[in-house]
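Student: Dumping the structure here so I can ask a few things about it.
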Amino acid sequence: MAFVSRFTLHDSRVVKPLLFVACLIPLAVLIADLLGGRLGAEPIREATFRTGEWGLRLLTATLAVTPLRRLFGWNGLVKYRRMLGLFTFSYIAIHFLIWFAVDQFFALKYILEDIAKRPYITVGFTGFLLMMPLAITSTAGWVRRLGKRWTRLHALIYVVALAGIIHFTWSQKADILRPSIYAGIIVVLLVVRLLPKGLLRRYRSEPGTSGSDATGRLRVRSTASSNESRASCSSRAGAWAAGNS
Amino acid sequence: MTRAYDIPASEITPEEVYLRRREFIRMAGAAAVGVVAPSVAGRVNPQGDDTLTPYDNVTTYNNYYEFGTDKEDPSRNAGTFKPRPWTVEVSGHVARPARYDLDDLLRGIAVEERVYRLRCVEAWSMVIPWMGVSLKSLIDRLRPTSRAKFIEFTTVLRPAEMPGQRRDILPWPYIEGLRMDEAVHPLTILATGLYGKTLPNQNGAPLRLIVPWKYGFKGIKAIVRIRFVEQQPLNTWNVVAPNEYGFYANVNPQVDHPRWSQARERRIGEFFRRPTLMFNGYADQVARLYTGMDLRQNY
């Protein structure tokens, strides 16, 4: 088991293809249901809903990467963030294309009218447009070229998330339970990011809170990194952390 | 005398054909599993006619929030609902106010079949062969007084049987209303069945309103109270979102809903949207009810 977890499940060369396939499953199920006639009385509407909701789920997963690293020290997750982000974009692009090319059947007159006049479509379309620069600049080359500006640009993901939640909420006639659940999760993820970094790192370095499969060597490394972080955090938090160790 | 009340006889599918239709749909469905293209081609019908919407779609794709907000919820959750015994309370400005057993209330009134287009405010539509009684014949029997200018309907409140009513989605119970001249219009019916069968629970059993020139949400389901009133009654969706849903709710391709263009609709089972018709295609019969009214203001 230890062998598997250390050298297989922690190996991104193994996990990445698995995650890639997993992200394709909702699309495969959708296609199978379409071919099997299992999309109900209004298949176009059902396909639009499903792709939109999977886009929102993947967006939530993408946004969860940093909070999970902060909370549990799962730094390896960062290797999958780009893939999650690009799948988010792909599902939302399919969601948009189903509306544009199938539901509206390229009827530009009605499409433009909807974008201009229906607030939920205006917001959703804006969110989709804002994702485009993020998808384009997701390559290693762009990350290097943009440097610090890349992080600032990719903060747009929060605006995209907000647009997604509003789009979902405003598309509902009366029952906003489902969009509220996503909104709640995303707010929690944001709160975790806003907590003082020192507090979270200290929590992580408590004995027993790091992964049970971590080797002594890993623990040493994590202690070293937490010492670093103590040194760099504000004096008040630093004093608090030092006083407790 | 030509009765102006429904889709012209030429458009009505003969009973024996529609009774065989489910068989046909099943065959088409089986074919679709193997090959998608021909079944899609068969559904492409841009300016098409008014062929009946398959029974399975009529009974599994429903907006009936008392049973849940997903379209499939009513068919899933309405199984334990008990549409019998059923009483309807008649009150207000009427000569014969009372609590009636439903069977007594309708006894002797001819049950007719009416094939009507149903246009939902969400821009989808169906064609449904309803069974029911004309509301006018019931109103004639109850004899409202001259003070009755409107009629108000109320849905049953049974949170134990209706899971949607246990959540605060809409102010329960659902209410709807009509102006008296709309109520006695020959097109307006109280449905008790569809496709020649007893009305399924998810479609509003045992008694629901059908006003084919108005958006579907006017068609209040599981009616337990009929009140004859002087003032325009409230209607639930108008109370919840007055800028989106009016009292009249006449199908009107020129007046958009804030969230949906009403210019076009998707007929269930078809690929392309089709243009929405003024008063859902019943303008010849009902436009006179609204002469001189600003339909943009009175949406």
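Student: When the Cα centres of region B:112-170 and region A:93-152 are compared, how far apart do they sit, in Å?
Tutor: Measuring centre to centre over Cα atoms gives 42 Å.
Student: Which ³J(HN,Hα) values in Hz, rounded to whole numbers, follow from the phi angles of region A:155-161 under the Karplus curve 6.51 cos²θ - 1.76 cosθ + 1.60, where θ = phi - 60° and Gly and Pro get x?
Tutor: Taking θ as phi minus 60°, the curve returns 5, 4, 4, 5, 5, 4, 4 Hz for region A:155-161.
Student: Moving to a separate point now. Taking H as built 1.01 Å from N, whose amide H comes closer than 5 Å to the amide H of B:Val127, not counting residues under 5 places away?
Tutor: Long-range HN contacts for B:Val127: B:Thr53, B:Leu118.
Student: Further, regarding this structure: Which residues' amide hydrogens lie under 5 Å from the amide hydrogen of B:Ile189, considering only partners 5 or more residues apart or on another chain, with H built in the peptide plane?
Tutor: Amide H to amide H, under 5 Å and 5 or more residues apart or across chains, B:Ile189 pairs with B:Leu135, B:Ile210.
Student: Something else now. With an 8 Å cut-off on Cα pairs and a minimum separation of 6 or more residues, tell me the relative contact order of region B:9-290 in percent. Write down the numbers at each step before the final one.
Tutor: Working: 553 pairs, mean separation 59.1, N = 282.
Dividing the mean separation by the residue count of region B:9-290 yields 21 percent.
Student: B:Leu199: net charge of surrounding residues, Cβ under 11 Å, Lys/Arg +1, Asp/Glu -1, itself excluded? Write out the running numbers ahead of the final one.
Tutor: On the way: positive: B:Lys197, B:Arg208, B:Lys221; negative: none.
Value of the local net charge: +3.
Student: In addition: Which net charge results when you count Lys and Arg as +1 and Asp and Glu as -1 among the other residues whose beta-carbon is under 11 Å from that of B:Arg167? Working shown, then result.
Tutor: Values: positive: B:Arg166; negative: A:Asp175, B:Glu66, B:Asp168.
After counting each charged neighbour, the total is -2.
Student: Amide H of B:Glu89: which non-local residues (sequence gap of 5 or more, or other chain) have their own amide H closer than 5 Å, using H built in the peptide plane?
Tutor: B:Tyr100, B:Arg225, B:Ile226
Student: Rounded to whole Hz and in sequence order, give me ³J(HN,Hα) for region A:43-59 from the Karplus expression 6.51 cos²θ - 1.76 cosθ + 1.60, θ = phi - 60°, writing x for Gly and Pro.
Tutor: x, 5, 5, 4, 5, 5, 4, 4, 5, x, 5, 5, x, 5, 5, 5, 4
Student: For every other residue with a beta carbon closer than 9 angstrom to the beta carbon of B:Pro275, add +1 if it is Lys or Arg and -1 if Asp or Glu, then tell me the sum.
Tutor: On the way: positive: B:Arg264, B:Arg273, B:Arg274; negative: B:Glu265.
Net of charged neighbours comes to +2.
Student: Let me ask something else about it. Quote the convex hull volume per residue of region B:182-286, based on C-alpha atoms, as a whole number of Å³. Let's see the in-between values first.
Tutor: Working: hull volume 14.8 nm³, N = 105.
Expressed per residue, the convex hull around the Cα atoms of region B:182-286 is 141 Å³.
Student: Further question: Return the lysines within reach of A:Lys173: Cα separation strictly under 25 angstrom, same-chain partners fewer than 8 residues apart disregarded; answer none if there are no such residues.
Tutor: Excluding near neighbours in sequence, the set is A:Lys109, A:Lys117, B:Lys71, B:Lys214, B:Lys218, B:Lys221.
Student: Now for a separate question. Taking Cα pairs under 8 Å and at least six residues apart, what relative contact order does region A:7-205 come out at, in percent?
Tutor: Working: 154 pairs, mean separation 46.9, N = 199.
Normalised by residue count, the contact order of region A:7-205 is 24 percent.
Student: Using θ = phi - 60° and the Karplus form 6.51 cos²θ - 1.76 cosθ + 1.60, what ³J(HN,Hα) does each residue of region B:211-224 get, whole Hz, x for Gly and Pro?
Tutor: 10, x, 8, 10, 4, x, 5, 6, x, 4, 10, 6, 6, 10
Student: What list do you get for B:Met278, B:Met162 if you sort them by fewest beta carbons within 10 Å? Walk me through the numbers on the way to the answer.
Tutor: Numbers: B:Met278 17, B:Met162 25.
Lowest to highest Cβ neighbour count: B:Met278, B:Met162.
FYI, it's all coordinate maths here, none of it is from the lab. Small disclaimer: the values here were computed from a predicted structure and weren't measured. Ideal geometry is used to build each Cβ from the backbone, glycine not excepted, and the neighbour counts take in all protein chains shown.
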